[in-house]
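Student: The structure that follows is given in the form of structure tokens.
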Amino acid sequence: MDVIKIGKFIADCRKSKELTQEELAEKLYITDRAVSKWERGLSLPDADKMLDLCNILDINVNELLLGEKIDMKNNDKKTEELLLEMARQEEYKNKQLLINMWVLGFTAAIAYIAIEVLAATTLGEGVPFGIITVIATAIFVCVMFYDLKLEIDAGYYECKKCHHRFVPKYKEVFLSMHMGTTRYLKCPECGKRSWAKKRMTRE
Ligand SMILES: [Zn+2]
């Protein structure tokens, strides 16, 4: 999505409705700063304001997200393109998250082993080594908790029985058996347990 183009489009539509930024903001119960940020391409309207904004500007949501007026004949095609583009962006974002998860996991594991080996060879057994081990283990566990969150945030798990894709709760994932990112999870759709594979998109 091109935020600059969307911003210019909002500004053009607002002006053609002969509204100031303040007047538009007032109609949406938001600050004129927020409107100004949209128009400069610094942010997008929140989802819960989009419909009201479109109504006021006499445009539809597709037009808003494309940043241009759509000929009604092409509307379906444009919608399709837009959905595809959004799916592609989601897939890309999820892949990045998953890569971050692997990198973070490996780095933390290697760092942990390195610290332990280094501490054992320089300090030998004893109280200082014990303290370092406790601290290093605590940090490692925290990093792993966070790493699991990255895995959950990166896309969906697909039920092997009904192929429904879902995002489970942290606790369920935490307690599940797994092989890599394939996890033994209960499907919220069919209620059966299966080895659910990681998928980057909802469809
Ligand atoms: Zn299922």
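Throughout, read-outs are computed from the coordinates displayed, never taken from laboratory work. Only a predicted model underlies this, so the values are computations on that prediction, with no experimental measurement involved. Every residue, glycine as well, gets a Cβ built from its backbone with ideal geometry; the counts of neighbours run over all protein chains shown.
Student: Could you please let me know if Glu203 is away from the ligand (no atom under 14 Å from the Cβ) and assigned to a loop (DSSP other than H, G, I, E, B)? Show your work before the answer.
Tutor: Numbers: away from the ligand (no atom under 14 Å from the Cβ): yes; assigned to a loop (DSSP other than H, G, I, E, B): yes.
Against the criterion (away from the ligand (no atom under 14 Å from the Cβ) and assigned to a loop (DSSP other than H, G, I, E, B)), Glu203 qualifies.
Student: Which residues, counting only those in the stretch 10-33, are outside any helix (DSSP H, G or I) and under 18 Å from Asn60 (Cβ atoms)?
Tutor: Answer for the stretch 10-33, where residues must be outside any helix (DSSP H, G or I) and under 18 Å from Asn60 (Cβ atoms): just Lys17.
Student: Can you work out which of the residues in the stretch 46-62 that are touching a residue at least 24 places away in the same chain (Cβ under 8 Å) and assigned to a loop (DSSP other than H, G, I, E, B) is farthest from the chain's Cα centre (by Cα)?
Tutor: Asp58
Student: I've got another one for you. If you go through the stretch 142-162 one residue at a time, do you hit one that is more than 16 Å from the ligand (Cβ to nearest atom), closer than 26 Å to Arg88 by Cβ and of a type in the set (Lys, Arg)?
Tutor: Among the residues of the stretch 142-162, at least one is more than 16 Å from the ligand (Cβ to nearest atom), closer than 26 Å to Arg88 by Cβ and of a type in the set (Lys, Arg), which makes the answer yes.
Student: Can you tell which of Arg183, Arg193 is within 16 Å of the ligand (Cβ to nearest atom) and in contact with a helix residue (DSSP H, G or I) (Cβ under 9 Å, 6 or more places away or on another chain)?
Tutor: Only one candidate qualifies: Arg183.
Each row is one residue, and each column tells you yes or no for (1) touching a Cys at 6+ places or on another chain (Cβ under 9 Å); (2) closer than 30 Å to Met200 by Cβ; (3) without any contact (Cβ under 8 Å) to a residue 24 or more places away in the chain.
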site	(1), (2), (3)
Ile6	no, yes, no
Ile10	no, no, no
Gln21	no, no, yes
Asp32	no, no, yes
Ser43	no, yes, no
Leu98	no, yes, no
